[in-house]
Amino acid sequence: MQDRFAEKMSDPKARADTRLLGDFTGIYCRGKHRGAVRTPLASDGVVLGVYGRRVPVVCEECAELLVYAEQRRAFCPKDPKPFCSTCDTHCYKPAMREYMRDVMRYAGPRSMFHGYAVQGVRHLIESRNARKAAGAQSAAEHEG
Ligand SMILES: [Zn+2]
């Protein structure tokens, strides 16, 4: 594991974001990849205890997504980090971006029924507000 990864992942915000992605991907995988062999994630993030006792149980494909997402999150160049959905730096490669968007769309609303109500709802509201703010801003730029 890179030292820089461990250092970046010591940030509580980075850990919380990554944990949310882990929860969401677990919900998505359980719903969408029912036939697949699913095992507890093995990743640098898991080694660092990012997911606490709730290590996501996922298939090979979803594990790949999470390993990728951990790296992207840890090395996000933006400070403060915006919501990925409103960010203008497309640091995800297109296929992964599409995959993650699917996960968010599927697991976001369902997270309420899986005991992740607080984080799930907070994420939905915050990202909706961020989108609204971004929209308002670009509208203002248009007019200005
Ligand atoms: Zn899966």
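The values are calculated or read from the model by the stated rules, or taken from the named source; none is laboratory data. Just so you know, these numbers come straight off a predicted model, no measurement behind them. Neighbour counts run over all protein chains shown; Cβ positions are idealised from the backbone, glycine included.
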Kindly establish whether Ala63 is within 15 Å of the ligand (Cβ to nearest atom) and surrounded by 20 or more Cβ atoms within 10 Å (Cβ to Cβ).
yes
Just to be sure I understand, how many residues within the stretch 9-45 are away from the ligand (no atom under 12 Å from the Cβ) and buried (at least 18 other Cβ atoms within 10 Å of the Cβ)?
12
Scan the stretch 95-117 and give yes if some residue there is among the charged types (D, E, K, R), away from the ligand (no atom under 16 Å from the Cβ) and either surrounded by fewer than 18 Cβ atoms within 10 Å (Cβ to Cβ) or farther than 24 Å from Met1 by Cα (or both), otherwise no.
yes
Just to confirm my filter: which helices (runs of 4 or more DSSP H) fall fully inside the stretch 1-76 and include at least 3 residues that are within 22 Å of Arg105 (Cα to Cα) and within 12 Å of the chain's Cα centre (by Cα)?
12-32, 60-74
Looking at Ala134, is it farther than 28 Å from Thr39 by Cα, surrounded by 15 or more Cβ atoms within 10 Å (Cβ to Cβ), hydrophobic (A, V, I, L, M, F, W, C) and modelled with pLDDT under 80?
yes
Working only within the stretch 77-103, note down all residues that are part of a loop (DSSP other than H, G, I, E, B) and closer than 18 Å to Gly31 by Cβ.
none
When you check Pro56 against the structure, is it more than 16 Å from the ligand (Cβ to nearest atom) and not hydroxyl-bearing (Ser, Thr, Tyr), yes or no?
no
Enumerate the pairs (first residue in the stretch 67-85 and within 24 Å of Lys132 (Cα to Cα); second residue anywhere and surrounded by fewer than 18 Cβ atoms within 10 Å (Cβ to Cβ) and not aromatic (Phe, Trp, Tyr)) with beta-carbon separation below 6 Å, excluding pairs fewer than 6 apart on the same chain, so at least 6 apart or on different chains.
Phe83/Ser127; Phe83/Ala130; Ser85/Ser127
Of (1) hydrophobic (A, V, I, L, M, F, W, C); (2) at pLDDT below 95; (3) within 16 Å of the ligand (Cβ to nearest atom), Cys87 fails just (3)
